[in-house]
Amino acid sequence: MIYLPNHIFYTKSIEMKIKFQPNNIIEIIDDSIIIKEIDDALSLLFKHNCTGIIAKKENINPDFFDLSTGIAGEILQKCSNYDVRIAIVGDYTNIQSKAMNDFIRESNSRRQVIFVSTTEEALQIFGG
């Protein structure tokens with residue numbers, strides 16, 4: 001693992017840009033899909049000794065947003081088990097699925113996995 005001054009994080013398997021935020025939060029500032037499954041998120045958290053991740057909607061496996069895959073529920077459960085937080089930044093105003101809208105509303109009320117429109121909103125909720 002190599003840390004460079006411009007916050008690019010390299011491992012053998014993945015290259016991504018991250019930014020360290022207050023209160024042990026890392027922000028993914030890359031445009032590629034980084035979190036394909038829950039273990040990707042947990043690896044990021046543990047490698048950087050962080051308590052939370054802020055990621056753009058585009059950084060998350062698109063299957064996450066299809067509740068029938070179970071990925072969203074698994075991520076929510078693991079975050080709860082490990083007491084970590086994930087903020088997913090994006091535009092959620094045009095979601096057609098009632099189930100996904102309900103999931104977002106419930107997740108936001110628990111504040112473990114949150115869906116927000118800006119990084120600033122995520123940091124405010126996470127206490128940064």
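The numbers here are math on the coordinates, done by the rules we state, and not lab data. Keep in mind that what you see is a predicted model, and the values were worked out from it rather than measured. As a convention, Cβ positions derive from the backbone with ideal geometry for all residues, glycine included, and neighbour counts pool all protein chains shown.
Summary table
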quantity: For the chain: relative contact order, % (alpha-carbon pairs under 8 angstrom, 6 or more apart); calculated: 19
quantity: Residue-averaged [θ]222 nm for the chain, counting only DSSP H segments that reach four residues, each worth -39500 (n - 2.57); calculated: -10000 deg cm²/dmol
quantity: Calculated from backbone phi, Karplus (6.51, -1.76, 1.60) coupling profile of the range 42-58 in Hz, x at Gly/Pro; calculated: 5, 4, 4, 4, 6, 5, 9, 6, 10, 10, x, 10, 10, 10, 7, 3, 5
quantity: Positive dipole terminus of the range 18-125, leading residue within N94, N59, S109 (C-beta point charges); calculated: S109
quantity: DSSP beta bridge pairing in the range 18-125, given as percent antiparallel to the nearest 5; calculated: 25
quantity: Ranking of I104, I125 by count of other Cβ atoms within 10 Å, fewest first; calculated: I125, I104
quantity: Check: the range 18-125 dipole with +1 on Lys, Arg Cβ and -1 on Asp, Glu Cβ, in debye; calculated: 280
quantity: Semi-axis lengths, Å, the chain, gyration tensor of Cα atoms, sqrt of 5 times eigenvalues; calculated: 23, 15, 14
